[in-house]
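Undergrad: Take this structure first; my questions come after.
The values are calculated or read from the model by the stated rules, or taken from the named source; none is laboratory data. Computed from a predicted structure; not experimentally measured. Neighbour counts run over all protein chains shown; Cβ positions are idealised from the backbone, glycine included. These area figures cover heavy atoms from the full protein model, side chains too; ligands, DNA and RNA do not enter into them. Shrake-Rupley method; radii C 1.70, N 1.55, O 1.52, S 1.80 Å.
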Amino acid sequence: KLSYTADKFITHPVFGYLTLLFVLFSVFQIIFFLAEYPMNWIESFFGWAMEVTAGALPQGQLSDLLVNGVLAGLSGVVIFIPQIALLFFFIGLLEDSGYMARVSFIMDKVFRRFGLNGKSVIPIVSGVACAVPSVLGTRTISNVKERLITIFIIPLMSCSARLPVYTLLISLMIPDDAVLGILNLKGLTLFGLYFLGFAATMLTAFVLKFIIKSKEKSYFVMELPVYRLPQWKSIGIIVVNKVKVFLWEAGKIILAVSIVLWFLSSHGPSDSFDKVEQKYTVQIEAASDEHKGELIKTMEAEKLETSYAGILGKKIEPVIKPMGFDWKIGIALITSFAAREVFVGTMATIYSANDAENVSSIREKLLSEKNPETSKPVYGFGVCLSLLVFYAFAMQCMSTIAGVYRETKSWKWMTGQLIYMTGLAYISSVIVYHLF
């Protein structure tokens, strides 16, 4: 009786969609609001740990590696655990209560206009968590055309790996006190990014509907389960397991990349570092206490520019400059191809390289970064928005590429998807940067 009454509203042709929008909007508001406190605690803890380590060990390669390689890399992983845990908690809650089955039911009619059917809903919505298992989940779709379209568009959904990138860039764009009445502006921006991914998913599916030819007809039949109270223990186990997978899978990649990047950022060819130090040593000794700090920062920035990482970044800078990105962001774009979340660890490592004495959060370092040509902040609204759009559309995930190839058994399909998403990300990013 209760399930029947609830379904009259939740599966309603108008109120059903409004309910879905309200549920998703609330989830992203809560994720940003609740996760902020534990994230601040974790950030403070790592700041303290880096200061203690830098103070306890004598200056040298070991201290630099531990502070700016290992701890900086780890902080880029651990700080996002609260948001990842909350995201998986809400996904588990919606699935366990029976609500996700209703979402499949009401979305079937809409999805058919885009060359999909109700069976595509679960893999696409699951793409919010991770694209790899979602691609595997398309095996339940019997229609070949609908399955191929679903596989192609799943990576456009904003997965949990994008969440660390979104969080960092949104915090740079939008001040902490930005609230619209009862709405958190950061949460609203995050919801907008997820909606942007969904819109790109549907538009791409609509185009593919006319490109892929098939005479096969599909049907969608399902029995709606009764509503039930979630099994809290099961959801808890899912959250713990997903967080463990994130820590282990993403953590080991980020840590490895961070250590390699530390080496590339703190070493340069031949005697390039010695020349930079000789250039500034006399100036630093003669300068007053006020200006010493500024000169040291300038020296460290120049050393980074002449490092192996700086040389690599400079090589690709002409390609990414139309997007508003400099060579430092270019390094992060390359390394994050292993996994999107590596972007944050890379930025933490780059901006901590050769700077073990000045330990501050990655967000503060990015906010204080100035363009040497214009003296304006590097991470202004336009650059941050351009980066957000790039990561909303770009493939940037080796695991997903491998998963798509495994499911389609087609190099053509996998390569087409990679070229399309990279091209879409690049063009959209250039447009957004020049508009803002």
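Undergrad: Pick out, from ALA35, GLY236, THR11, the residue whose Cα sits farthest towards the positive end of the charge dipole of the chain, with +1 on the Cβ of Lys and Arg and -1 on the Cβ of Asp and Glu.
TA: THR11
Undergrad: Ok, one more. Treating only the Cβ of Lys, Arg, Asp and Glu as charged (+1, +1, -1, -1), what charge dipole size does the chain show about its Cα centre? Round to the nearest 20 debye.
TA: Dipole about the Cα centre, nearest 20: 2760 debye.
Undergrad: Starting from the Cα of LYS213, draw a straight line to each of the lysines and keep only those under 29 Å, dropping any in the same chain fewer than 8 residues away.
TA: LYS109, LYS119, LYS145, LYS409, LYS412
Undergrad: Hey, if you put +1 on the Cβ of every Lys and Arg and -1 on every Asp and Glu Cβ in the chain, which of PRO58, THR346, SER266 ends up farthest toward the positive end of that dipole?
TA: Farthest towards the positive pole: THR346.
Undergrad: Under a straight-distance cross-link criterion of Cα-Cα below 26 Å, which lysines are reachable from LYS303, leaving out those fewer than 8 residues away in the same chain?
TA: The qualifying lysines are LYS275, LYS279, LYS292, LYS314, LYS315, LYS321, LYS328, LYS365, LYS370, LYS376.
Undergrad: Run the 1.4 Å probe and let me know the accessible area of PHE105, rounded to the nearest 10 Å².
TA: Number for this one is 100 Å².
Undergrad: Summing -39500 (n - 2.57) over the DSSP H runs of n ≥ 4 in the chain and dividing by its residue number, what mean residue ellipticity at 222 nm do you reach, to the nearest 500 deg cm²/dmol?
TA: -22000 deg cm²/dmol
Undergrad: Separate question: Please go through region 367-436 and write out the GluC sites (Glu not before Pro) that DSSP classes as loop and that have at most 11 other C-beta atoms within 10 Å.
TA: GLU373
Undergrad: Now for a different question. Over region 1-116, average the accessible area per residue using a 1.4 Å probe and give it in Å², no decimals.
TA: 50
Undergrad: Compute the accessible area per residue over region 373-436, keeping the other protein chains in place, probe 1.4 Å, unit Å².
TA: 50
Undergrad: Under 16 Å between alpha carbons, and skipping anything fewer than 8 positions from LYS252 in its own chain: which aspartates and glutamates qualify?
TA: Within the straight-line cut-off, LYS252 pairs with GLU341.
Undergrad: Name the residue, out of TYR391, TYR37, TYR194, whose mean-square fluctuation peaks in a Gaussian network model built on the chain with Cα pairs under 10 Å.
TA: Highest fluctuation of the listed residues: TYR37.
Undergrad: Would you mind working out the magnitude of the charge dipole of region 237-289 relative to its Cα centre, with +1 at each Lys and Arg C-beta and -1 at each Asp and Glu C-beta, to the nearest 20 Debye?
TA: In total the dipole reaches around 520 debye.
Undergrad: Enter the accessible area per residue of region 292-350 (Å², integer; probe 1.4 Å; all protein chains in place).
TA: Ligands and nucleic acids excluded, the figure is 36 Å² per residue.
Undergrad: Take region 112-178, drop everything but the C-alpha atoms, weight them equally and run the Debye formula without solvent; then report log10 I(q)/I(0) at 0.16 Å⁻¹ to two decimals.
TA: -0.57
Undergrad: Output ³J(HN,Hα) for region 135-147: one whole-Hz value per residue in order, computed from phi by the Karplus curve 6.51 cos²θ - 1.76 cosθ + 1.60 with θ = phi - 60°, and x for Gly and Pro.
TA: Working through the residues one at a time gives 5, 5, x, 6, 5, 6, 8, 6, 6, 4, 4, 5, 5 Hz.
Undergrad: Let me ask something else. How large, in percent, is the carbon and sulfur part of the accessible surface of the chain at a probe radius of 1.4 Å?
TA: 68
Undergrad: Compare the peptides 141-147, 78-84 by average per-residue count of other Cβ atoms within 10 angstrom and give them in order, highest first.
TA: Going from most to least packed, we get 78-84, 141-147.
Undergrad: With 20 Å bins from zero, work out the P(r) of the chain over every alpha carbon pair and list the percent per bin.
TA: Once binned at 20 Å, the Cα pair distances of the chain give 24, 53, 20, 3, 0.
Undergrad: Could you work out how far the C-alpha centroid of region 299-348 sits from that of region 91-130, in angstrom?
TA: Between the Cα centres of region 299-348 and region 91-130 lies a distance of 38 Å.
Undergrad: Okay, next question. Evaluate the relative contact order of region 227-326 (contact order divided by residue number), counting alpha-carbon pairs under 8 angstrom at least 6 apart; express in whole percent.
TA: 28
Undergrad: From the residues ILE154, ILE212, GLY127, which one has its Cα farthest along the dipole of region 114-214 in the positive direction, the dipole being from +1 and -1 charges on Cβ of Lys/Arg and Asp/Glu about the Cα centre?
TA: ILE212
Undergrad: As a test question: what accessible area, to the nearest 10 Å², does HIS291 have when a 1.4 Å probe is rolled over all protein chains in place?
TA: The accessible area comes out at roughly 90 Å².
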